[in-house]
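First up is the structure itself, then whatever we jot down about it.
The values are calculated or read from the model by the stated rules, or taken from the named source; none is laboratory data. Everything numeric here is computed off the predicted structure, so don't read it as measured data. Note: ideal-geometry Cβ built from the backbone for every residue, glycine included; neighbour counts use all protein chains shown. We work out accessible area using only protein heavy atoms, side chains counted, and drop any ligands, DNA or RNA first. Shrake-Rupley method; radii C 1.70, N 1.55, O 1.52, S 1.80 Å.
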Amino acid sequence: MSESVSWTIPAVQSALKAKKISARELAAEFYGRIDRRNPELNAYLTLSPERAYAQADRVDAAVARGDELPPLAGVPIAIKDVISTLGIRTTCASKMLETYIPPYDATAVEKLDAAGAIFLGKTNCDEFAMGGSNENSAYGPVRNPLAPDRVPGGSSGGSAATVAAGLAVAALGTDTGGSIRQPASFCGVPGLMPTYGRVSRYGLVAFASSLDKIGPFATTVADAAAVLSIIAGHDANDSTSAPVSVADYVAEASKPVQGLRIGVPEDYFGEGLDPEVRESVESGIVQLERLGCKRVPLRMPHTDYAIATYYILATAEASSNLARYDGVRYGLRVPGATLTEMYRQTRVRGFGPEVKCRIMLGTYALSAGYYDAYYLRAQRVRGLIARDFADAFQEVDAIITPTAPTPAFRLGEKTSDPLTMYLADIYTVTGSLAGVPGISVPCGTTKAGLPVGMQIFGPHFREGLVLQIAQASEQARSSAS
Amino acid sequence: MKISREEVLRVASLAHLGLSPEEVETYRNQLDRILSYIDKLNELDISNVEPMAQVTYSAAAPDAARKHPELREDVLLPCNVAEPLLASAPDAAKPFFRVPKVIDR
């Protein structure tokens, strides 16, 4: 079959059931695609054919026996390389973990495995998920499959690119400040950040523990909903996972949107927003109005403080979480005459420039004499940003904004200084700080043909609502074109 | 500059990063620019706002948070990962990780 065949989860299911293709043949088809496209895109860092074919054979045996198939049977999936996979190298796109092989599966991975998914491999990303362009990978940048001179976004750039290029049916990414939604926007696919605590993070390599979330990319909103239905839920191994019941997100996503109140905060449409992005998002909102949604103008007055708040809190947490990479237990060790010298040389050589910058900033913000001025102040402003969301959800059911201020930018365009890159997260970090769910769904393309994403935020644990609006928007677009 | 060379060296030492002289300058410049931007947080009156450390589901289920259902029974479970962990250690002498000498006699 050709590259143009775009597989979805229901398509895989019906092809398997009708015995039009076996899971093994499907996996082989995807590895063929990867062989052709990955040398250019660099979206996969590690392929795991042994595990994939073993999984596929399990599915094919179930088909042969006539068993009822699990919900993701035979679905080829890619996993961001910050999520632990039993026996499959997990590098975090860092030299620090170049040879690290986890002794267990992350809970989200284990659930996908039990649901019959096929693990094609691990995707490239910014080192330890720190970046907005995938240019901070120790193994080279990922190219945007729709415009190879441009970035796929980050940090989950490889996961977004594999789905956009048809090199996986769905992918797991992680989102700390926008790392699922922004690459989803840049690559023209849906990408969902669930509520904080919705998906277990057991086995996720920690970056900023009060912000990290695991979530899906897929080619359709319904497929993202199907993956979320599998990975969501409380986990005894993660005390931050929430004991909140899991909905049937596929069913929720297909409900009509008529009568929903959509908040449109003017604070997200100000200076710095690319006019073509503004136009696409506006047309996406108008489309929802035609479906019976009510548009409500909003103010979210602390939006402009979110980047400063985020980069204090996320780096402070990162400086603490990344203290574990000291050359003692796993990963790289650079020998030194003393223990301290070993730590210092291991860390200075194992980490890339952006990771070191963030460790420095976070250590500074937590250090004696600066804690109150930076860390504690940022925690208080976080409270104000969360209050903006709580107040908004008194008035509206959901909030719609652009996902990113611009479409995908060129490789190298923003690498000269970290702050320029940080500002690409300006619309996504707010929801990250508030812990609410958010999705980016394609809403248009620029004249140059670059995709534009629209971001939909909902109240805590209302992923179903966010997916519902995203799916309505997706279907309105496809019937209009 | 908001941050001196000495402060950069102090922070690098706290973070166990053996920076080269060039890196010290690079990070001094980058931190200066980021910290100057972060100064905008001083525009806000935060005197009546509690610090928000995390967003765990208390917002959605305040009662559930109070009862701590996330805490399971304290039951011992096997955790047989010592072998594979030691196998991927840079320098293991089972059942230990070996490091440069830390105590002088």
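Results, tabulated for the structure shown:
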read-out: Filter result for A:Lys447 (closer than 22 Å to A:Val142 by Cα, touching a residue at least 60 places away in the same chain (Cβ under 8 Å), of a type in the set (D, E, K, R) and in a loop (DSSP other than H, G, I, E, B)); value: no
read-out: Residue match in the stretch A:242-260 (condition: out of contact with any Ser or Thr (no Cβ under 8 Å at 6 or more places or on another chain) and among the charged types (D, E, K, R)); value: yes
read-out: From the options A:Ala108, A:Ala115, A:Ala62, residue that is out of contact with any helix residue (DSSP H, G or I) (no Cβ under 8 Å at 6 or more places or on another chain) and over 13 Å from A:Thr46 (Cβ atoms); value: A:Ala62
read-out: Test: residue in the stretch A:268-286 that is hydrophobic (A, V, I, L, M, F, W, C), over 30 Å from B:Pro100 (Cα atoms), within 12 Å of chain B (Cβ to nearest Cβ) and in contact with a Ser or Thr (Cβ under 9 Å, 6 or more places away or on another chain); value: no
read-out: Per-region count, the stretch A:172-207, residues farther than 15 Å from A:Gln455 by Cα and surrounded by 24 or more Cβ atoms within 10 Å (Cβ to Cβ); value: 12
read-out: Test: residue in the stretch A:30-46 that is in contact with a Ser or Thr (Cβ under 9 Å, 6 or more places away or on another chain), outside any loop (DSSP other than H, G, I, E, B), of a type in the set (Asp, Glu) and open to solvent by 30 Å² or more (accessible area, probe 1.4 Å); value: no
read-out: Residues of the stretch A:213-227 classified as open to solvent by 10 Å² or more (accessible area, probe 1.4 Å) and under 21 Å from A:Gly154 (Cβ atoms), total; value: 1
read-out: Checking B:Lys67 against (1) open to solvent by 80 Å² or more (accessible area, probe 1.4 Å); (2) more than 9 Å from chain A (Cβ to nearest Cβ); (3) within 25 Å of the chain's Cα centre (by Cα); (4) at pLDDT below 90, the condition it does not meet; value: (3)
read-out: A:Ala337, sole failed condition from (1) in contact with a helix residue (DSSP H, G or I) (Cβ under 8 Å, 6 or more places away or on another chain); (2) within 8 Å of another protein chain (Cβ to nearest Cβ); (3) more than 21 Å from A:Asp425 (Cβ to Cβ); value: (1)
read-out: Number of the condition not met by B:Val24 [criteria: (1) within 20 Å of the chain's Cα centre (by Cα); (2) modelled with pLDDT of 95 or more]; value: (1)
read-out: Near pairs, Cβ below 6 angstrom, 6+ apart or cross-chain, from the stretch A:137-166 (under 23 Å from A:Phe351 (Cβ atoms) and touching a residue at least 12 places away in the same chain (Cβ under 8 Å)) to any residue that is surrounded by fewer than 24 Cβ atoms within 10 Å (Cβ to Cβ) and among the acidic types (Asp, Glu); value: A:Pro141/A:Glu135
read-out: Selection count, the stretch A:361-376, where residues are touching a residue at least 12 places away in the same chain (Cβ under 8 Å) and either over 24 Å from B:Ser47 (Cβ atoms) or more than 28 Å from the chain's Cα centre (by Cα) (or both); value: 3
read-out: Residue match in the stretch A:455-462 (condition: of a type in the set (A, V, I, L, M) and either open to solvent by 30 Å² or more (accessible area, probe 1.4 Å) or assigned to a helix (DSSP H, G or I) (or both)); value: no
read-out: Pair list, Cβ under 8 Å, 6 or more apart: the stretch A:404-428 residue within 13 Å of another protein chain (Cβ to nearest Cβ), other residue in a loop (DSSP other than H, G, I, E, B) and open to solvent by 20 Å² or more (accessible area, probe 1.4 Å); value: A:Thr415/A:Glu135; A:Thr420/A:Lys414; A:Met421/A:Lys414; A:Met421/A:Thr415; A:Leu423/A:Gly272; A:Ile426/A:Gly272
read-out: Long-range neighbours under 6 Å by Cβ, at least six apart or interchain, first residue more than 7 Å from every other protein chain (Cβ to nearest Cβ) within the stretch B:84-105, second part of a loop (DSSP other than H, G, I, E, B) and open to solvent by 50 Å² or more (accessible area, probe 1.4 Å); value: B:Leu86/B:Lys94
read-out: Residues (open to solvent by less than 40 Å² (accessible area, probe 1.4 Å) and in a loop (DSSP other than H, G, I, E, B)) located in the stretch A:245-273; value: A:Ala247, A:Val257, A:Leu260, A:Phe269, A:Gly270, A:Leu273
read-out: Residue in the stretch A:104-126 that is under 14 Å from A:Val355 (Cα atoms) and either modelled with pLDDT of 95 or more or open to solvent by less than 10 Å² (accessible area, probe 1.4 Å) (or both) present; value: yes
read-out: Where a residue in the stretch A:378-393 is within 23 Å of A:Leu260 (Cα to Cα) and within 7 Å of chain B (Cβ to nearest Cβ) and its partner, wherever it lies, is open to solvent by 40 Å² or more (accessible area, probe 1.4 Å) and modelled with pLDDT under 95, with Cβ under 9 Å and at least six apart; value: A:Ala386/B:Ala59
read-out: The stretch A:328-344, subset free of Cβ contacts under 8 Å to residues at least 12 places away in the same chain and over 32 Å from the mean Cα position of the chain (by Cα), residue farthest from A:Ile307 (Cα to Cα); value: A:Ala337
read-out: Any hit, the stretch A:228-244, residues being in contact (Cβ under 8 Å) with a residue 12 or more places away in the chain, surrounded by 19 or more Cβ atoms within 10 Å (Cβ to Cβ) and of a type in the set (S, T, N, Q); value: yes
read-out: Those residues of the stretch A:47-62 which are surrounded by 18 or more Cβ atoms within 10 Å (Cβ to Cβ) and part of a helix (DSSP H, G or I), in sequence order; value: A:Arg51, A:Ala52, A:Gln55, A:Ala56, A:Val59, A:Asp60, A:Ala62
read-out: Any pair with Cβ under 7 angstrom, 6 or more apart, that starts in the stretch A:345-357 at a residue that is within 8 Å of chain B (Cβ to nearest Cβ) and within 14 Å of A:Thr415 (Cβ to Cβ) and ends at one that is outside any loop (DSSP other than H, G, I, E, B) and hydroxyl-bearing (Ser, Thr, Tyr); value: A:Cys357/B:Tyr27
read-out: Meets criteria (part of a loop (DSSP other than H, G, I, E, B) and either in contact with a helix residue (DSSP H, G or I) (Cβ under 6 Å, 6 or more places away or on another chain) or open to solvent by less than 10 Å² (accessible area, probe 1.4 Å) (or both)) for A:Pro141; value: no
